[in-house]
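Step one of this worksheet: look at the structure below.
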Amino acid sequence: MAVHTTLVDHPVCTDALAQIRDVATPNALFRQNLERIGALLLAEATRQLPTVDGTVETPLTTAPATRIAVQPVVVPILRAGLGFVGPAQELLPNADFGFIGMARNEETHQPEPYVNKLPESLSDRPVIVIDPMLATGGSLIHTLRLLLERDAPQPITVVCALAAPEGIAALDAADLSVNLVTAAIDDHLNDDAFIVPGLGDAGDRQFGTPA
């Protein structure tokens, strides 16, 4: 088992990353640029989807055509993962979606699940987990184990805008097979388990700080 990491350094991706890092970026612009990053990361993450060859009738003649053979299941980790749902639906309009809800205990920094809406079986379906931030890895590891309980094939693809080295190390230690696609691997986690330099709380910056 291993974590294979792909860094996407497309200029549009790096430009959008600069926008979402900026503390002065308002919520609406943050969401817009998070979607820009999500579209590029998801394009890379779906590069290895299985395909099938066939033909299609154009207005003039028959042409060869390659289509996605098996539609993936996309799983956002709530609530921050909702920021990648829009680009995922644009790129994969026929994909199914499952939802895992995780809240971080601010004292222990451990994930506390509150939603589990997944297909009964994920056997033979490519699975893509979307979440803007990989910090400690706790929420992601919990999610991946829930997916494996439903027979998700490995490696499971994970799409994050930012990742911390500690989170990647936690995935390695958990003995999981993961393809991680991200725009940046940052320096470290601080004492509050936030990624540094990071971008703050991705959920709050999309939706506002809960009262």
Counting only DSSP beta bridges with both residues in the stretch 65-187, tell me the antiparallel percent, nearest 5.
25 percent
Using only DSSP helix segments of four residues or longer, with each worth -39500 (n - 2.57), what per-residue ellipticity at 222 nm results for the chain after dividing by its residue count and rounding to 500?
-9000 deg cm²/dmol
Carbon and sulfur %, accessible surface of the stretch 77-183 computed with the full protein complex present, 1.4 Å:
48 percent
Between the helical axis of 138-149 and the dominant principal axis of the chain, each derived from Cα atoms, what acute angle in degrees is found, rounded to the nearest 10?
40 degrees
So if I average 1/r over every pair of distinct C-alpha atoms in the stretch 136-211 and take the inverse, what Kirkwood radius in Å does that give?
13.5 Å
Once both axes come from the Cα atoms, what is the angle between helix 27-45 and the longest principal axis of the chain, in degrees from 0 to 90, rounded to 10?
50 degrees
Keeping all protein chains in place, calculate the accessible area per residue for the stretch 83-211 (probe 1.4 angstrom), answer in Å².
45 Å²
By how many degrees, between 0 and 90 and to the nearest 10, does the Cα long axis of helix 11-21 differ from the longest principal axis of the chain?
30 degrees
Tell me which trypsin sites (Lys or Arg not before Pro) from the stretch 3-60 have a DSSP coil assignment and no more than 12 other beta carbons within 10 Å of their own.
Arg47
Excluding Pro72 itself, calculate the net charge of residues whose Cβ lies under 10 Å from the Cβ of Pro72, where each Lys or Arg counts +1 and each Asp or Glu counts -1.
0
Note to self: C-alpha centroids of the stretch 159-196 and the stretch 10-77 sit apart, in Å, by 21 Å
All-pairs alpha carbon distance profile, the chain, 5 Å steps from 0, percent
1, 7, 16, 19, 21, 15, 10, 5, 3, 2, 1, 0, 0
Pick from Pro119, Pro11, Pro155 the residue whose mean-square fluctuation is largest in a GNM of the chain, springs joining Cα atoms under 10 Å.
Pro11
Along each principal axis of its Cα atoms, how long is the stretch 40-89 end to end? Whole angstroms, biggest number first, please.
47, 21, 16
Less than 9 Å Cβ to Cβ from Phe207, Lys/Arg counted +1 and Asp/Glu -1: what total charge do the surrounding residues give?
+2
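The values are calculated or read from the model by the stated rules, or taken from the named source; none is laboratory data. In this text the structure is predicted, and so the values were computed from the model without any measurement. All Cβ positions, glycine included, derive from the backbone under ideal geometry; neighbour counts span all protein chains shown. Each accessible area value is taken on the protein alone, full model and side chains, heavy atoms only, with ligands, DNA and RNA left out. Shrake-Rupley method; radii C 1.70, N 1.55, O 1.52, S 1.80 Å.
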